[in-house]
1. Mind giving me the FRET efficiency for Lys63 and Thr43? R0 is 35 Å, r the Cβ-Cβ distance, nearest 0.05 is fine.
2. When 1/r is averaged over all different Cα pairs and the result inverted, which Kirkwood radius in Å belongs to segment 37-80?
3. Need the list of lysines near Lys106 for cross-linking: C-alpha distance under 26 angstrom, and skip anything on the same chain fewer than eight residues off.
4. Of all DSSP beta bridges located in the chain, what percent are antiparallel, nearest 5?
5. Report the per residue volume, in Å³, of the convex hull enclosing the C-alpha atoms of the chain.
6. In nm, what is the difference between 0.36 nm times the number of residues separating His21 and Gln92 and their Cα-Cα distance?
Amino acid sequence: MLFALALTAAAFSQQASAHAHLKSQYPAANAHAEASPQALTLTFSEDIEPAFSGVEVTDGNQKAVPLAKAERAPAQHNQLIAPLQQPLTSGQYLVNWHVLSVDGHKTKGNYTFSVK
Ligand SMILES: [Cu+2]
């Protein structure tokens, strides 16, 4: 009984201190995409607040790539989707993301991918 309670408490405190870390993304980090994606999709370890979360992309010349405002996926609150306003041309891209997780913690990071 005590053991079970201790386990529950441990699981709960781990949950409470978890931040939104980037779990997976499309196109994948370091991927060489065959063609331009229609949107960037970032999936986090925790649910996020879309109003305080965003994605910026720059090309190989550090020029900003036009993106529509990133939205949280309607049925998956840990997923951020940033539609591209025009197809990406061949080259290397840097993705900078920042999110506010529902527990109130901010996290950010970046990764690159390229389009053939
Ligand atoms: Cu947190």
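1. Numbers: r = 27 Å, r/R0 = 0.76.
Computed FRET efficiency for Lys63 and Thr43 comes out at 0.85.
2. Details: mean 1/r = 0.0871 Å⁻¹.
It works out to 11.5 Å.
3. Lys23, Lys63, Lys69
4. Working: 31 of 33 bridges.
Among the beta bridges of the chain, antiparallel pairing accounts for roughly 95 percent.
5. Working: hull volume 12.8 nm³, N = 116.
About 110 Å³ per residue, rounded to a whole number.
6. Values: separation 71, 0.36 × 71 = 25.56 nm, distance 2.34 nm.
Result: 23.2 nm gained on full extension.
Laboratory data are not the source of any read-out in this text; all were calculated from the coordinates shown. Just so it is clear, the model here is predicted, and its values are computed rather than measured. Reconstructed Cβ throughout: ideal geometry from the backbone, glycine too, with neighbour counts over all protein chains shown.
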